[in-house]
Amino acid sequence: MKRVATMTLSLGVLCAAYGANVVKAVKVRSLHGLRCGAYLVRKYAHFTPVVLYPQTTLHLNDKKANELNKDAKAIVAKVAAFTDGKKVAIIVHWPDRSKDIYKGYKSDSYPDGFAVQFAANATNPQKLPYIGMGSDGRAVEIFLRKAYGQSVYEPNGNGDVAHQVNPHNTDYFGKELKKFEKEVQKLGVRPYARAFVSEGFRSMTEIKDGSVTWRSDMCYNTKRHIWGGMVIKPIDDAYSKAAKNELAIAVAVWDGKELQRDGLKRLSSWIAVKLPHAKNRALEKVVSEKVRGDVAEGKKQFAANCASCHNDKDFHNAPIYMAPDLSNVGGQATAAYLRESILDPNAVVVPGYNRNQHPSYAWYNLKNGKRVSIMPSFSYLDAKVVNDIVAYLQTQKAEVAK
Ligand code: HEC
């Protein structure tokens, strides 16, 4: 293995405990041609377990999917990274009993998929973007890949309208339709892989102008029922940069069998990827902070101050559209984010539902074009009380599936 000659073999921090969320990037000479199931990955990746929790912030308008995901459990993924000094490869392995590949235009089937997200800026780890989507002024760069059985045909404005239509809407039938589908497949140019920049729900914008050179890959291990996913991107690009040789990333996966798509997925909390020469420990501390506090007292305080708006695993009294469901917030948010949410709700305003669809439950109001949360600040609470509430919120997470 000549390619890995310059690999650093130091074991570094051993992160056996779930939730430590620190990944040490392995230095390699080249990432050229690397695929997710490659020997290099199997042999030299330093995998860190990372728990992915069901996302329950928003209530989806799909009865069947909601039913299927009602008591969804968390899963343990493994995340590793390689770097050649210029680019970084993020590798994710996650368990999934069935390989669900999108075929044709079946409207009720969804593919498995994964996404890796990079904080645009992690210089201040106390103020990371809203997990999964980014937030105003705190952008994220997202790389998404779905398991499509075929390449996606994108006419890219070349005027080929005839091949863009859904086969169900063509006049073709039987043999003719098969022929048409084949033709479209032949025109398919690339897998379903997309990059976005986002500053919150409904602000996702696809990067289509080629300003980032990246690629991705997926591979399924049929024997072990494990998906592998890989994203390779420049360490620094137009939309996200390393801060002192560290990257803040997050990982999401979709299970097609559970009808997961869009916001219905499993999502990690922030993960610190340490590149070679990363000496700073600020980000590492933030992503693995476990708050010591009086959880029982925190629960009481939550009942008194928060449960009129928020539901979680213990409280179900608030209308479901009122405020984000916090049942998995302890698995997806850092303690720093939880503290900030309580003391300064306007620092990150979760945009929530379309205000026109649920007008009585708008999560924010607009003041001079700025979003102002309807959640009051609790900065008047005693520091100890806030700490207890945060300790309680950290217990809010689904169990890990066996
Ligand atoms: C008047 C209703 C209301 C009350 C009371 C309230 N919240 Fe909120 N909370 C909201 C709304 C609406 C949002 C979404 C908008 C935003 O981000 O501020 C939110 C957002 C949050 C978030 C961010 C959720 C996410 O998905 O990132 C957290 C954490 C949170 N609240 C915790 C609390 C805690 C803890 C309390 C009690 C100390 C509390 N809230 C009291 C309405 C409320």
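The values are calculated or read from the model by the stated rules, or taken from the named source; none is laboratory data. Just so it is clear, the model here is predicted, and its values are computed rather than measured. We place every Cβ from the backbone using ideal geometry, glycine too, and count neighbours over all the protein chains shown.
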Of all residues making up the range 85-107, the number that are of a type in the set (V, I, T) and modelled with pLDDT under 90 | 1
May I ask you to list pairs of residues, at least six apart or on different chains, whose Cβ atoms are under 7 Å apart, with the first in the range 275-295 being among the small types (G, A, S) and the second being at pLDDT below 95 and surrounded by fewer than 16 Cβ atoms within 10 Å (Cβ to Cβ)?
-> A278/K244
Determine whether the range 261-268 contains at least one residue that is away from the ligand (no atom under 16 Å from the Cβ), touching a Phe, Trp or Tyr at 6+ places or on another chain (Cβ under 8 Å), under 24 Å from C219 (Cβ atoms) and modelled with pLDDT under 95.
-> yes
Residue tally, condition within 24 Å of E206 (Cα to Cα) and outside any loop (DSSP other than H, G, I, E, B), over the range 93-126 | 8
Would you mind finding the one in A195, A252, A248 that is in contact with a Gly (Cβ under 9 Å, 6 or more places away or on another chain) and part of a strand (DSSP E or B)?
-> A252
Every listed condition ((1) farther than 19 Å from R145 by Cα; (2) outside any loop (DSSP other than H, G, I, E, B)) holds for K233 save (1)
Of the residues in the range 100-138, those that are under 20 Å from the mean Cα position of the chain (by Cα) and of a type in the set (D, E, K, R) come to D100, D112, K127, D136, R138
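On the given criteria, is V253 over 24 Å from A383 (Cβ atoms), more than 16 Å from the ligand (Cβ to nearest atom), of a type outside the set (D, E) and at pLDDT 95 or above? Walk me through it before giving the result.
On the way: over 24 Å from A383 (Cβ atoms): yes; more than 16 Å from the ligand (Cβ to nearest atom): yes; of a type outside the set (D, E): yes; at pLDDT 95 or above: yes.
Here the answer is yes, as V253 does meet what is asked.
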Failed condition for A318, given (1) within 24 Å of G134 (Cβ to Cβ); (2) buried (at least 16 other Cβ atoms within 10 Å of the Cβ); (3) modelled with pLDDT under 95 | (1)
Tally, over the range 326-354, of residues that are exposed (fewer than 15 other Cβ atoms within 10 Å of the Cβ) and away from the ligand (no atom under 11 Å from the Cβ) = 1
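So, in the range 225-238, of the ones that are surrounded by fewer than 21 Cβ atoms within 10 Å (Cβ to Cβ) and in contact (Cβ under 8 Å) with a residue 40 or more places away in the chain, which residue ends up farthest from the chain's Cα centre (by Cα)? Don't jump to the end; show me each part of the working.
Residues of the range 225-238 surrounded by fewer than 21 Cβ atoms within 10 Å (Cβ to Cβ): 225-226, 234-238.
Restricting the remaining residues to those that are in contact (Cβ under 8 Å) with a residue 40 or more places away in the chain gives 225-226, 234-235, 237.
Numbers: H225: 21, I226: 18, P234: 19, I235: 18, D237: 19 Å.
So, considering only residues that are surrounded by fewer than 21 Cβ atoms within 10 Å (Cβ to Cβ) and in contact (Cβ under 8 Å) with a residue 40 or more places away in the chain, the one farthest from the chain's Cα centre (by Cα) is H225.
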Collect the residues in the range 267-287 that are touching a helix residue (DSSP H, G or I) at 6+ places or on another chain (Cβ under 6 Å) and in a loop (DSSP other than H, G, I, E, B), keeping them in residue-number order.
-> S269, W270
Could you grab me the full set of residues in the range 344-391 that are in contact with an Asp or Glu (Cβ under 8 Å, 6 or more places away or on another chain) and under 29 Å from I75 (Cβ atoms)?
-> V348, A391
For the range 108-163, which residues satisfy the criterion of being of a type in the set (D, E, K, R), at pLDDT below 90 and away from the ligand (no atom under 16 Å from the Cβ)?
-> D108, E154, D160
Any pair with Cβ under 9 angstrom, 6 or more apart, that starts in the range 383-402 at a residue that is more than 9 Å from the ligand (Cβ to nearest atom) and ends at one that is among the polar types (S, T, N, Q) and part of a loop (DSSP other than H, G, I, E, B) = Q396/S327; Q396/N328; K397/S327; K397/N328; A398/T56; A398/S327; A398/N328
State whether the residues of the range 252-259 include one that is buried (at least 20 other Cβ atoms within 10 Å of the Cβ) and among the β-branched types (V, I, T).
-> yes
Matching residues, the range 27-51, being assigned to a loop (DSSP other than H, G, I, E, B) and among the basic types (K, R) | R29, R35
Unmet criterion (only one of (1) more than 15 Å from the ligand (Cβ to nearest atom); (2) in contact with an Asp or Glu (Cβ under 8 Å, 6 or more places away or on another chain)) for Q301 | (1)
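Return yes when K290 is of a type in the set (D, E, K, R), more than 8 Å from the ligand (Cβ to nearest atom), assigned to a helix (DSSP H, G or I) and over 18 Å from D136 (Cα atoms) and no when it is not.
Values: of a type in the set (D, E, K, R): yes; more than 8 Å from the ligand (Cβ to nearest atom): yes; assigned to a helix (DSSP H, G or I): no; over 18 Å from D136 (Cα atoms): yes.
Against the criterion (of a type in the set (D, E, K, R), more than 8 Å from the ligand (Cβ to nearest atom), assigned to a helix (DSSP H, G or I) and over 18 Å from D136 (Cα atoms)), K290 does not qualify.
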